[in-house]
Amino acid sequence: MPLTQPMLLVAFLQASNCSNYVASWRHPGTDPGFLTFDYYQQIARTLETGMFHLAFFDDRLAMPSLYGDSPATALQHGIRAVKLDLIPVMTAMLLATRHLGVGGTYSTTYYPPFHIARLFATLDHLSGGRVAWNVVTSLNDAEARNFGRVQHVEHAVRYDQADEFMQVVHGLWQTWDVDALLMDRVQERFADPARVHPLDFQGAWWHAQGTLTVPRCPQGHPVIIQAGQSGRGRDFAARWGELIFVIAPTLAAGQEIYADIKTRALRYGRRPEAIKLAPAAYVVVGETASIARDKLAYVESLARPEDALVLLSEILNYDFARHGLDESLPTAALQAMTGVRSIVDRVLHLSGKAHPTVREFLQHSGRGTLAEMPRFVGTPSQVATQMATWLTGQACDGFVIAATHMPGAYEDFARLVVPELQSRGLARTAYTGSTLRDQLGLPYP
Ligand SMILES: Cc1cc2nc3c(=O)[nH]c(=O)nc-3n(C[C@H](O)[C@H](O)[C@H](O)COP(=O)(O)O)c2cc1C
């Protein structure tokens, strides 16, 4: 199939002491400056050199503290113990670049719609239309407790709430017509009141009456990112998302979700081309195949069993410290895992057991290791070929590249893989279009 658009390149970042690979902070090549503007600005410049479309930050609203009902292990082992607020970090990166898009995660469960609509509309203006919002409903009880609640909201309910939330934020973003701002000093007309329409929304979860205090933003609205994986989550993504992130362990799984999301989008009256899909992947590249293999072996040697146990507890909203490593998990335990259910399904499937042990959870979820996502390992040419297989095989429109260490993994990618992709016509050689929406080939809303 001929490519209509070059591969979308997204960096999977964390405003944290580590990358997605939590052991990355132990890597001697990791810059310890995660508490400085310089660190994020340096990454942003590297990504812009590599013609990335987007620097994307995930988020979690609590320190991992469900394992053993304490944050002690996360702190001791540096397992995402730090999570900075994203807006200042995103702002710093936007200031250091001219073309790179920057996306951040904000939760519909724990922030009010007006707050998110205003934050992202503001940044979209200040950056000339380079901003994206990753819509999440959050995952666990530790997050709930940080916001004065006892328990995280149940899965179906939080998606119902999020559907309404999206109606409110879109309603707020549309309160100003595109031409409402006049700035006419001669006639003394700042804005045309007839072209500003206060929102009046009455839903089951949200009531909102009023006008956003930010005019219509350059992109119409910020690009909407989503990563729902369950049936309900995929429907939500197909309804609202413009750039969809997925965790697809194999090419076949990528092809299935790609076709599925685009089919679901049709049901919401959306054109499949108006939605782009990008699976997460690690890239380990070396000048020779043996250099790449050595790098991979070294990176893998940094993982510790605690990393996985803490992260599994966090993402499944369940305390794995209640069980021994070789204990089979009873039905009640499996049912109590209310976080990302697709991980439980994956473990049941891959272990072939109805009651896997904790060790099997570690092994088959891949959590805390590089096995959690596909890995493209080898020379620039070998990596480019692996990526091309997914792109031309209709499994994706691009990739969310996670880092084995920071910022070295992106420096390697920009220096070694991008030129190879460019020489094959798979990656672009210049930024085109002014907004992130243009760069991604997404329609103006
Ligand atoms: C690439 C990727 C990034 C994600 N980033 C976040 C995040 O920053 N915060 C969060 O709470 N959830 C995040 N999620 C989780 C999703 O929002 C979603 O909850 C999860 O994929 C499970 O799908 P489900 O909610 O439909 O069950 C991410 C998922 C993926 C695949």
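Label sites at Ser434 and Ala72, each approximated as a point 7 angstrom past Cα along Cα to Cβ, lie 5.7 nm apart.
Taking amide H atoms as placed 1.01 Å from N in the peptide plane, the amide H of Val284 lies under 5 Å from those of Phe376, Val377, Gly378, each 5 or more residues away in sequence or on another chain. Residues in region 315-324 carry Karplus couplings, in order, of 7, 9, 6, 8, 8, 6, 5, 6, 10, x Hz; the curve used is 6.51 cos²θ - 1.76 cosθ + 1.60 with θ = phi - 60°, and Gly or Pro positions show x.
The Cβ shell under 11 Å around Asp192 holds other residues with a net charge of -1, Lys and Arg each +1, Asp and Glu each -1.
Bridging of Lys353 to aspartates and glutamates at a Cα separation below 12 Å is possible for Asp345, once same-chain residues fewer than 8 apart are set aside. Taking a straight Cα-Cα cut-off under 16 Å and skipping sequence neighbours fewer than 8 places away in the same chain, the aspartates and glutamates within cross-link reach of Lys295 are Glu287, Glu411, Asp412. Evaluating 6.51 cos²θ - 1.76 cosθ + 1.60 at θ = phi - 60° for every residue in region 416-426, the Karplus couplings come out as 9, 7, 4, x, 5, 4, 5, 5, 8, x, 8 Hz, glycine and proline recorded as x. Cross-link partners for Lys276 among the aspartates and glutamates, with Cα-Cα distance under 19 Å and sequence neighbours closer than 8 places in the same chain left out: Asp58, Asp235, Glu242, Glu256, Asp260, Asp397, Asp438.
With the convex hull of its Cα atoms as the shape, region 325-396 has an orientation-averaged projected area of 6.3 nm².
Listed values for region 252-267 are Karplus-derived 3J(HN,Hα) couplings in whole Hz (6.51 cos²θ - 1.76 cosθ + 1.60, θ = phi - 60°), namely 4, 5, x, 5, 5, 6, 4, 5, 5, 5, 5, 5, 4, 4, 4, 5, and x replaces Gly and Pro.
Inverting the mean 1/r over all pairs of different Cα atoms, compute the Kirkwood radius of the chain and quote it in Å.
For the chain, inverting the mean 1/r across all distinct Cα pairs yields 22.6 Å.
Applying 0.36 nm per residue to the separation of Gln5 and Glu154 and subtracting their alpha-carbon distance, the gain on full extension is 49.8 nm. Ordering of 191-201, 79-89, 409-419 by packing is 409-419, 79-89, 191-201, highest average first (other Cβ atoms within 10 Å, averaged per residue). Using only the C-alpha atoms, the convex hull of region 177-247 corresponds to 115 Å³ per residue. At the listed q of 0.16 Å⁻¹, the Debye profile of region 1-52, built from one uniform point per Cα, gives log10 I(q)/I(0) equal to -0.57. Under a 5 Å amide H cut-off, with hydrogens placed 1.01 Å from N, Leu182 pairs with Ala191, Asp192 among residues at least 5 apart or on other chains.
The numbers here are math on the coordinates, done by the rules we state, and not lab data. Keep in mind it's a predicted model, so treat the numbers as computed, not measured. Reconstructed Cβ throughout: ideal geometry from the backbone, glycine too, with neighbour counts over all protein chains shown.
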